[in-house]
Amino acid sequence: MIRVLIVDDSLFIRTILRDLLKDSPEIEVVGTAVNGIDALEKISDLKPDVVTLDIEMPRMGGLEVLETLQKASARPKVIVLSTLTSRQADMTHRALRLGADDFMLKPRDVPNVRGIEKELVQKIRNLVVLPTIIKPPAVSRNEADAVVVIGSSAGGPPMLDTLLSALPPDLPAAVVVTQHMPEGFTASLAERLNRVSALPVKETANGDNLQDGMVLLSKAGFHTVISGVVSGNGKTHGRIVHSTAPRLHAVRPAVDKTFASAARVFGSRTVSVLLSGMGNDGGEGTLAVKGTGGRTMVCAEEDCLVYGMARSALARNCVDKVIPLESLAREITRAVSQLEVNHV
């Protein structure tokens, strides 16, 4: 059993989280706390494996709790719960720097609260199961001849943990992940993913080159467009361009923008993957990848919180494979190796 302590000054949030977790056979909620002082006492007494931690609370907030836990010889894993504000985005990033292991956005209303159960349980499980990866010193990387593009939205972050942690460190392709997320939070997500991935992960910056064995996470607020650049040796490689073009499917970044631009630059050396997500984003992009001879896959429905994005691609008859989450990394690696052989 994974022992969980819920820390939040809101009775509503404490009650909802307890209700969401009580039906999971592998999780036991051992207690709740109303502020940081209460939390530290109960962490000492109850010895939880995982703590869900609110950032802003009376008497002592979440950041002070994390500062105190840094001095402890043993501490629980911590998931920070954050609201959708720029101030909270900054505080979430600080929380990760202070040792928080993951973060999750608080839903705005009751219907959305009920929809986070699967994601929350997956995050708690991942904290216990997935190790933190210590990266080797920086190494020089080749410009990528192939690209893996991954799109996700609601329910996507814990799936990205599982997927990226299973990809090999010597993957001979660049990886570009487009995750729908509010502005200010993708830097924190990239930092979180970098801890569990054998491949280095960073938030995109305008002008980033696509390199083998490197994961770029689309910066929220911009479409991530992959442009083709001709090197001195005459080969074309990919470069990130941040676009402030109008939102597509009411989002920016849009998965369709990234997928379609990847297909234009890399053609048949593109592998596309859709994970959990609501709406139609990713359907047209997957079709574009298929149209240039690339490989296309979506995650199996039973592993997704929401299946709108994957279903949008399936409706266009452009998906090569439907793959369980636990097998996706292996399938991606196999597809990339086949692209490499074909390219040679």
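Here, each number is a calculation from the coordinates, and none is a lab measurement. Note that the structure is predicted; figures quoted are calculated from it, not measured. Methodologically, a virtual Cβ is constructed for each residue, glycine included, from the backbone with ideal geometry; neighbour enumeration extends over all protein chains shown.
General remarks:
- Segment 184-236, dipole about Cα centre (Lys/Arg Cβ +1, Asp/Glu Cβ -1), debye to the nearest 20: 60 debye
- If only the Cβ of Lys and Arg carry +1 and only the Cβ of Asp and Glu carry -1, the dipole of segment 147-343 around its Cα centre is close to 480 debye.
- In this rough spin-label picture, where each label sits 7 Å from Cα along the Cβ direction, the R330-D23 distance is 3.1 nm.
- The chain - mean residue ellipticity at 222 nm from DSSP helices (-39,500 (n - 2.57) per run, n ≥ 4, rounded to 500): -11500 deg cm²/dmol
- Length-normalised contact order of segment 147-343 in % [C-alpha pairs under 8 Å, at least 6 apart]: 23 percent
- Between the beta carbons of E41 and S268, assuming R0 = 56 Å, the FRET efficiency works out to 0.40 to the nearest 0.05.
- Estimated FRET transfer efficiency when R0 is 25 angstrom, pair V322-T292 (beta carbons, to 0.05): 0.75
- Whole-number percent relative contact order across segment 27-179, with pairs defined as alpha carbons under 8 Å at least 6 apart: 17 percent
- Taking 0.36 nm per residue of sequence separation and removing the Cα-Cα distance, the A250/N209 pair yields an extension gain of 12.0 nm.
- Couplings 3J(HN,Hα) of segment 249-266, computed from phi: 6, 6, 9, 8, x, 9, 4, 4, 4, 5, 4, 5, 5, 4, 5, 5, 7, 9 Hz, in residue order, whole Hz [Karplus 6.51 cos²θ - 1.76 cosθ + 1.60, θ = phi - 60°; x for Gly and Pro].
- Point-charge dipole on Cβ atoms (K/R +1, D/E -1) for segment 1-108, about Cα centre, debye to 20: 160 debye
- FRET efficiency for F12 and A74, using Cβ-Cβ distance with R0 set to 35 Å, rounded to 0.05: 0.65
- Lys pairs, segment 1-117 - Cα-Cα below 21 angstrom, 8 or more residues apart or on other chains: 9
- Of the trypsin sites (Lys or Arg not before Pro) found in segment 39-143, those in coil by DSSP whose Cβ has at most 15 other Cβ atoms within 10 Å are R59, K71, R108, R141.
- Given charges at Cβ of Lys, Arg, Asp, Glu: segment 270-344 dipole, positive-most of V289, A329, A300: V289
- Positive dipole terminus of segment 2-129, leading residue within M57, L96, L5 (C-beta point charges): L96
- At 1.002 mPa s and 20 °C, Stokes diffusion of the chain via Kirkwood alpha-carbon radius, µm² per second: 104 µm²/s
- Degrees, to the nearest 10: 36-46 long Cα axis against longest axis of the chain: 90 degrees
- Annotation for A138 and L84: the two label points, set 7 Å from Cα along the Cα-Cβ direction, are 3.6 nm apart.
- Over the chain, Cα pairs under 8 Å with separation of 6+ residues give a relative contact order of 13 percent.
- Low-density loop cleavage sites - trypsin sites (Lys or Arg not before Pro) in segment 171-272, where at most 13 other Cβ are within 10 Å (DSSP): K235, R247
- Three-way shape call for segment 2-129 based on the alpha-carbon gyration tensor, with the a/c threshold at 1.5: rounded
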